[in-house]
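Here the structure is laid out as structure tokens; the discussion comes afterwards.
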Amino acid sequence: MDLTLSEEHEALVRMVREFAVREVKPAAAEIDRHSRFPSELVARMGELGLMGIEVPVEYGGSGLDPIAYVLAMEEVSAACASTGVIMSVNNSLVCDPLVKFATEAQKTRWLEPLASGRKLGCFMLSEPEAGSDAAAQRTVAVPDGDGWIIDGTKNWITNGPQADTGILFTMTDRAAGHRGITAFVVDLNAPGVTRGHKDDKLGIRGSHSSQVVFEGYRAGPEQLLGKVGEGFRVAMSTLDCGRIGIAAQALGIARAAFETAAAYACVRRTFGKRVIDHQAMGFMLADMETELEAARLLTLRAAAAKMAGRRHSRESSMAKLYASETANRLAKAAIQIHGGNGYVTEFPVERFYRDAKITEIYEGTSEIQRLVIAADLLKA
Ligand code: CAA
């Protein structure tokens, strides 16, 4: 098995790393401190082709593969995890289901502006009473002429305050359970949509989330994504891709924590020697790098499984589970290596620690990933 990157992938990493180091990383602390949505970086990511990495060129994307997506996500997230998740949601939770389920007319209308970065997207599955239990949808779409009238409240919607376009999940037949869920693609600037206040969060403070409320929103037949009753499959298949994005975001946070801690341990001196020369600290750094590499391999394996064109729920869940828990362990260790300096905002590691937590929660908690892996195991 050859694990070397292709020349195209190497070139992409160089390009994204240069952008991340020059433009994203210097802004990260300020974005976090002021909970500022980084519009200028989102616009730059559009120009660089990072908002629709896997979308075919004819629909405004970069036409690259899932490995390229992981590589780019890791670079951006190592510099700023908030900027990383804005990019991830647009790529894998919005562009991906449009590539997979939209008609030609829908791709031309909705996908092209999202993939080229002219518009921003969000994914509206979660509700106040439907987080982990995604099938418990209360948002309803009731037939009205040739379309539907939609009412309901979506919760914790990443990019919710800024998004122009959303993938929306509704209940069209409550008696049918998860087979009664139907997906739509919606214009969030149309009448019948309001957005709540942005959530005040522990971490990823530059990525805004909010409620999005639908009251008498009219969706035309051309907004139906997939078939009536097929929405749960649309959501789950989208999350198979999204979880690769979050694994890559976690990988970026983990790498930032490891590199920052290693650099600090090489210059900081205690008891007459460098921190890294104390065996307890050296071993901690050795474990950190080993776990980081293991998380990267699992994430790239999930991307390779997606590239092979088969269902990759198990690989995606394993990558997301392991990478997110690695990011949390490494961010915690990075604080420990920094000692008192790790606890103050002059050093970035406390931000990595706060940013890492969400990767164990959104796009399915660690417990949900274990459920998906265990369910797949039973099928084998
Ligand atoms: N692809 C295609 N179909 C799938 C699928 C997949 N990956 N996973 C399940 N399905 C299908 C099943 O085959 C089954 O089909 P039938 O209709 O033929 O029965 C159907 O879906 C139901 O499957 P399950 O019985 O496994 O469903 P469940 O109700 O037990 O739930 C779950 C499964 C894994 C717990 C699911 O509810 C889940 O993933 N929950 C977590 C939700 C989540 O991740 N939310 C994230 C919100 S988005 C977000 O966080 C974005 C952000 O902020 C950045």
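Computed per residue of the chain from DSSP H runs no shorter than four, each worth -39500 (n - 2.57), the mean residue ellipticity at 222 nm is -15500 deg cm²/dmol. From the largest down, the stretch 233-379 spans 59, 25, 24 angstrom on the principal axes of its Cα atoms. The count of lysine pairs in the chain with alpha-carbon distances below 20 Å, taking only pairs 8 or more places apart or on different chains, stands at 17. The spread of Cα positions in the stretch 126-177, taken along each principal axis and listed from longest to shortest, comes to 31, 26, 13 Å.
Which value results for Rg/Rh of the stretch 48-153 when Rg is the Cα radius of gyration and Rh the Kirkwood radius based on the inverse mean 1/r? Intermediate values should be presented prior to the final figure.
Numbers: Rg = 15.8 Å, Rh = 15.2 Å.
Value, to two decimals: 1.04.
If you stretched the chain out fully between residue 293 and residue 259, how much longer would it get, using 0.36 nm times the residue separation minus the C-alpha to C-alpha distance? Please report the intermediate quantities before stating the final value.
Details: separation 34, 0.36 × 34 = 12.24 nm, distance 1.27 nm.
Gain in length upon complete extension: 11.0 nm.
With θ taken as phi - 60° and the Karplus curve 6.51 cos²θ - 1.76 cosθ + 1.60 applied, the whole-hertz 3J(HN,Hα) list for the stretch 66-78 is x, 5, 4, 4, 4, 4, 5, 4, 4, 4, 5, 6, 5 Hz, x standing for glycine and proline.
Directionally averaged projected area (the chain, Cα convex hull): 19.2 nm². Using only Cα atoms, find the angle between the long axis of helix 313-338 and the longest principal axis of the chain, and express it within 0 to 90 degrees, rounded to the nearest 10. Tilt of helix 313-338: around 40 degrees.
The stretch 122-143 and the stretch 184-236 have Cα centres separated by 10 Å. From most to least packed by mean Cβ count within 10 Å, the peptides 182-190, 169-177 give 182-190, 169-177. When you have a sec, figure out the Kirkwood radius of the stretch 202-288 from all distinct Cα pair distances and drop it here in Å to one decimal? After inverting the mean inverse Cα-Cα distance, the result is 18.0 Å. Near residue 127, the amide H atoms lying under 5 Å from its own belong to 155; only residues 5 or more places off or on other chains count, and H is placed 1.01 Å from N.
3J(HN,Hα) along the stretch 153-163, derived from phi through the Karplus expression 6.51 cos²θ - 1.76 cosθ + 1.60 where θ = phi - 60°, amounts to 10, 9, 10, 6, 7, 5, 6, x, x, 9, 5 Hz, with x in place of Gly and Pro.
For the chain, the longest principal axis of the C-alpha atoms and the axis of helix 279-307 are separated by about 30°. Residue order for 4, 139, 103, 299, fewest other beta carbons within 10 angstrom first, comes to 4, 103, 139, 299. Scalar couplings 3J(HN,Hα) for the stretch 355-370, obtained by applying the Karplus form with A = 6.51, B = -1.76, C = 1.60 to θ = phi - 60°, are 5, 5, 4, 4, 5, 8, 10, 6, 6, x, 5, 4, 5, 5, 4, 5 Hz; x denotes Gly and Pro.
Name the chymotrypsin sites (Phe, Trp or Tyr not before Pro) in the stretch 224-314 that are in a loop by DSSP and that have at most 14 other C-beta atoms within 10 Å, would you?
On the way: sites: 232, 258, 264, 271, 283; in loops: 271.
Qualifying residues, ordered by number: 271.
Please list, in chain and number order, the residues 5+ apart from residue 217 or on another chain whose amide H is under 5 Å from its amide H, with Hs placed from the backbone. Amide H neighbours of residue 217: 150.
Post the alpha-carbon centroid distance, the stretch 242-258 to the stretch 261-280, in whole angstrom. Using only Cα atoms to place each centre, the spacing works out to 26 Å. Once each part is reduced to its C-alpha centroid, what is the distance from the stretch 53-93 to the stretch 289-344 in angstrom? Centre-to-centre (Cα) distance: 17 Å. Here the stretch 122-231 is treated as an ellipsoid with the same Cα gyration tensor; its semi-axes, largest first and in whole Å, are 23, 16, 11.
Among the trypsin sites (Lys or Arg not before Pro) in the stretch 34-131, those placed in a DSSP loop whose Cβ has at most 13 other Cβ atoms within 10 Å are 118.
Near the amide H of residue 225, within less than 5 Å, lie the amide hydrogens of 183, 184, 185, all on another chain or at least 5 residues away, with H placed in the peptide plane.
Every read-out reported here was derived from the displayed coordinates using simple, explicitly stated rules and does not represent laboratory data. As the structure is a prediction and not an experimental result, all values here were calculated from the model. Positions of Cβ are generated from backbone atoms using ideal geometry, with glycine treated the same way; all protein chains shown enter the neighbour counts.
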